[in-house]
Structure formats: C-alpha cells, structure tokens
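One structure below.
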Amino acid sequence: MNNRTSGMQCARRSFWLPAGLAVLGIAGSLAALPASADYAVVAVTNGGSIDGVVTLSGAAPAMPPIKVDKNPDYCGASIPDPTYTVGSSGGLANVIVYLKDVTKGKAGPSEPLALVNDHCMFSPRTQGAMVGEQIKVSSDDTVLHNTHLRFGQNNATIFNIALPFKGFSVTKPLPERPGLIDVKCDVHEWMRAWIMELDNPYYATTDADGHFTIADVPPGSYTLEIWHEAAGEKSQPVVVAAGKATKLKITVAAK
Amino acid sequence: MLVRVAQLVPMVAGLLLAVGTAGAAVGTAGADTGDARNGKAVYERWCIGCHGAEGNGQGESAQYMSPKPRDYREGTFKWRSTPSGSLPLDSDLEHTLLNGVYGTYMPSWRFLGEREREDVIAYIKTFAPRFASEQPQKPISIPPNPGYSDESVKRGAAIYQKYNCGQCHGAGGRGDGSSAQGLKDDWGNAIVPYDLTKGHIKCGDEPTDIYRVFMTGLSGTPMPAFADSISPADAWDLVHFIESLSPEYPKNVTAAR
C-alpha cells in the first residue's frame, strides 16, 4: 500500500512525457490511417505512360559469387551475386521506380503480391506494393526457409514465417504504412529481397534490360523516385501528357 | 500548460474510440487494467537498470549482458500467444514477468504482486506507440494436450526431422545445426538457437509454453512461426519430443500433468 502511494507521488511529474507520446502516437496513426484513403481510385481515360530504361554508369563493380555454407547439397556450392544485374545494353535490373504524391488514378493490383523462395534465393528480388496489400509467400524448395519481413528503417519484425516444404504457401497482409520492407531468410542469410510499400499504384520494377513502364498515369507533372538496393535513391521530375508515352533515360552510379 | 491526468484520460479514451470507429482496431483484447503512472515507479525501481529510462534496452547494466534486455520501443516481443509480428496480450507480458527468462538475467517478478505487475505492464506499453494505435491479433488456439507417451515422442521425432528443426537446433537439439552460425536478432546482436537439452525452456516449462513458442515464433529473432504449417496434432507430438530431449521432462510430466 505504502509502495503504491509513494509510487503515485513520484510518478506524477514525469508521466506527462510518455502519456503525451502515446497521444501523439494515436494522433499520428490517425493521420497515417487514411494513407490509402488519401488515394482515390478513378477511371483514367486520357492517361499517358512513362517508358523508361535505367542504366548503370560505368562497369558494374565486381561481386564475388555468394559462397553457400548452408544446405550446399541443395542450394549449390555458390550462387552468382545479383546485386548489380546488368543486361547486355547496360540496363540495370531490379530497380524500383515510382511516382510520388499521386492522389487519384488507376486501381491497385487485384492479385496478392508474390514472393517465392526459389533455389535458395527470393524471387523477385525487388518489387513495389500498395499499402496493406496481401502478400503470398511460397516455397519451391525442399529445404527449410523462413521469410522474415522487417521495416527497412529499423529492422523491426513485421512477421517471420517458416516455409518447411516445397509447394507450401502463406498469404498475409502487409502493414498499413508506406515504406521499404527488407526481407531475409535467417536460415540462409544471403537470401534478401526488398518490397517498397507505396500509397499509390504507380510503380514498376526494371526488367533484365533495365526497362520499365508505368501505365495509365493521369496527365500532369510528377516526381519519379528511383531506388536500387546498392546504388541508392534518386529522383527526377517527369511530365506525362494525355495519351502519350514519356520516354526516359535514367542513369545511376554504382556505389 | 500542463493538461491534468483527469483531462488526459478521457482525451486518450476519446482518441482510442475514434481509432476504433475508424475501423483500424481489430479485436477486443487490450483493455488496460494497470495504471501506467504507478507502473513508472515500479519500472524505475526494478527495471530501469537493464531496460533503460527510455525503454530501449540500454540501461546501465545492459552492456554486460547477452542476450540483451528487450528494447520495448517497437512493440516486438518474443513470447506471445498472438501470431508472428502481432503485439502481445497483457497476459503474455504477465507470463514473462511471472516466469522470468531462464538462462538470462531476467528473473521472475512474482514477488511484486499482481497490481504492481499490471501497472508496470501498462507503463512498458507506453514506450511503443504501436500499443496506442494497434490491437493485438487474436491468440492462437491451443487444443488440449493429448498426453505424453513414447509413441507421441517417436512421432514428434519424425516431425522434428520433417520440419528441419535441426537446421538450426541440430539433429540432437543442442542448438548446433548447420545454420546456427551467424544468426542475428532485429537489433543486429548475435543470437544462438536454443539448446533444447538444457532441461528448461526459456519462456516456461509448461507443455503449452513449448507449443506456443514454435507456433507463434519469437518476434525479433530468426525463429519463425510454424502455426501455418504444423497441424495441432503434429505440434503436440513435437512438444513431447522436445520434452523428451531433457531427462527431467518425462518425470515432471507424469507427476504433475
């Protein structure tokens, strides 16, 4: 009893900070909640597109193959490092490109996002997603994997599920907040993937030749963001005209 | 200008209600019973030395410890009855306070009394804004234990093998599997798979504790959740196999449960 009374007295003054933070947290989440509600799906009848290619300036840094020391009998003794996957014409694969601050336009994807554990690598390595979208994680491998999603900023776990068999899959929602998600398999620590969660569906990932297309964009001026796991981020303005394809050549420097 | 607690409480309640009606909150769990103001005093008396004034797990003594004290700020907790990534229930945190964490510096806080534990839980939750904006997911359901038997242990051994538990925990359960090296937790600290032959399980020795731990996984660590892949019947066989790895278990089981 004594303890409780003195506890209340000594706690009185300093309670404001955490309580205030909690209130801020609630207010913050209220502000963040309509993130997807901020985006309105409308029919885009006069949309244009962005047709781009991302190339790497200079030669790709030499990356030694990944040395496999877990399940080498299944995964193989080594795996080529896919960090800089450059096509024959210099195009850089696995770059995520997306438009910022789009408040209305086409509907998001109707199928869940797919992430496959495929021969001890994640496929695809990078992709965009709408906030709160469903993700289907599956395994084509006979060895145990775990698919461990973490917020890119601070590595806080979003979820971590076991994929013990070939053919096994789980579908779960992504968090209701935009941002970069870092995916790893702890069993095979070289397995990495990235998902950029966005509040609008105007995003794409470059193919093996560095090409990407973002279609059905309402005419207007935008900021295009470019993200690569190692080369980093950059952005550039882009203007989209009704019914036209805006051609873009984007160069990123290796780091 | 300071807002009085009396005014703040309805404010928080109002905001929570707003969140609830906005459709963000799912489930009904999480009704606070503890008083965070009293909990702060309990925390500053008993917890601050390891878990730190900011709840970041970096109290004065933390540097000497491995594994490190929990960083509360993301709402990431190892021992939960809720699915992977979910916030824990208050009763999950209470469970950890009651049992302590075997093999670490975290002792049992049974002596504190129920009120103090409830209060300190309420205070710990103020470190992670998630607790104010999110509800824990529904806990997994655990069917009754069909009972320890040699047959069940044998089936469990096959499950252990089929699900590749030995990849990290080793064929004999000693935590020496081929993927045991180089594992890291969310904070980048080295972490090792548990040696299941030690005779105690970190989160509690009840069969349901073991069941829960591999079904919901240990958030913040490499240990994933198997609730989507292991059936309840197989899960109980696996529990019995894990119990059998320690010579102490079978006799505990037959004596008490």
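Residue-by-condition table, conditions (1) surrounded by fewer than 17 Cβ atoms within 10 Å (Cβ to Cβ); (2) under 19 Å from the mean Cα position of the chain (by Cα); (3) in a loop (DSSP other than H, G, I, E, B); (4) at pLDDT below 95:
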site	(1), (2), (3), (4)
A:Ala208	yes, yes, yes, no
A:Thr213	yes, yes, no, no
A:Glu233	yes, yes, no, no
A:Gln236	yes, no, no, no
A:Lys249	yes, no, no, no
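Let's see how each residue does on (1) modelled with pLDDT under 95; (2) assigned by TED's automatic domain parsing to the domain that holds B:Leu238; (3) crowded, with 20+ Cβ neighbours inside 10 Å; (4) on the phi > 0 side of the Ramachandran plot:
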| site | (1), (2), (3), (4) |
| --- | --- |
| B:Glu118 | no, no, yes, no |
| B:Lys138 | no, no, no, no |
| B:Cys165 | no, yes, yes, no |
| B:Gly170 | no, yes, no, yes |
| B:Gly173 | no, yes, yes, yes |
| B:Ser178 | yes, yes, no, no |
| B:Gly182 | yes, yes, no, yes |
| B:Asn189 | yes, yes, no, no |
| B:Lys202 | yes, yes, yes, no |
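Every test in (1) among the aliphatic types (A, V, I, L, M); (2) within 16 Å of the chain's Cα centre (by Cα); (3) not in a helix (DSSP H, G or I) is passed by B:Ala171 save one, and that test is (2). Restricting attention to the range B:97-116 and to residues that are away from chain A (no Cβ under 14 Å) and out of contact with any Lys or Arg (no Cβ under 8 Å at 6 or more places or on another chain), the residue that is surrounded by the most Cβ atoms within 10 Å (Cβ to Cβ) turns out to be B:Asn99.
For (1) more than 12 Å from chain A (Cβ to nearest Cβ); (2) over 30 Å from B:Gln63 (Cα atoms); (3) out of contact with any Phe, Trp or Tyr (no Cβ under 8 Å at 6 or more places or on another chain), each residue gets a yes or a no:
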| site | (1), (2), (3) |
| --- | --- |
| B:Ala157 | yes, yes, no |
| B:Gln161 | no, yes, yes |
| B:Gly177 | no, no, yes |
| B:Ala180 | no, no, yes |
| B:Phe214 | no, no, no |
| B:Thr221 | no, no, yes |
| B:Ala227 | no, yes, yes |
| B:Asp234 | no, yes, yes |
| B:Pro247 | yes, yes, yes |
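Flag: A:Leu180 matches the condition of being surrounded by fewer than 19 Cβ atoms within 10 Å (Cβ to Cβ), assigned to a strand (DSSP E or B), out of contact with any His (no Cβ under 9 Å at 6 or more places or on another chain) and without any contact (Cβ under 8 Å) to a residue 60 or more places away in the chain.
For the residues B:Ser229, B:Ser219, B:Ser244, B:Ser179, the requirement of being over 23 Å from B:Ile140 (Cα atoms), among the small types (Gly, Ala, Ser) and in contact (Cβ under 8 Å) with a residue 60 or more places away in the chain singles out B:Ser244. Just to verify a result, which residue in the range A:128-177, among those that are touching a Pro at 6+ places or on another chain (Cβ under 8 Å) and surrounded by fewer than 16 Cβ atoms within 10 Å (Cβ to Cβ), is farthest from A:Glu197 (Cα to Cα)? It comes out as A:Thr171. Within the range A:126-135, if we keep just the residues that are part of a loop (DSSP other than H, G, I, E, B) and not charged (D, E, K, R), the residue that is nearest to A:Glu233 (Cα to Cα) turns out to be A:Val131. In the range A:136-155, which residue that is assigned to a strand (DSSP E or B) and in contact (Cβ under 8 Å) with a residue 40 or more places away in the chain is nearest to the other protein chains (Cβ to nearest Cβ)? The residue in question is A:Asn146.
The values are calculated or read from the model by the stated rules, or taken from the named source; none is laboratory data. Here the structure is a predicted model, which is why all the values come from computation and not from measurement. Cβ: placed from backbone, ideal geometry, glycine included. Neighbour counts: every protein chain shown.
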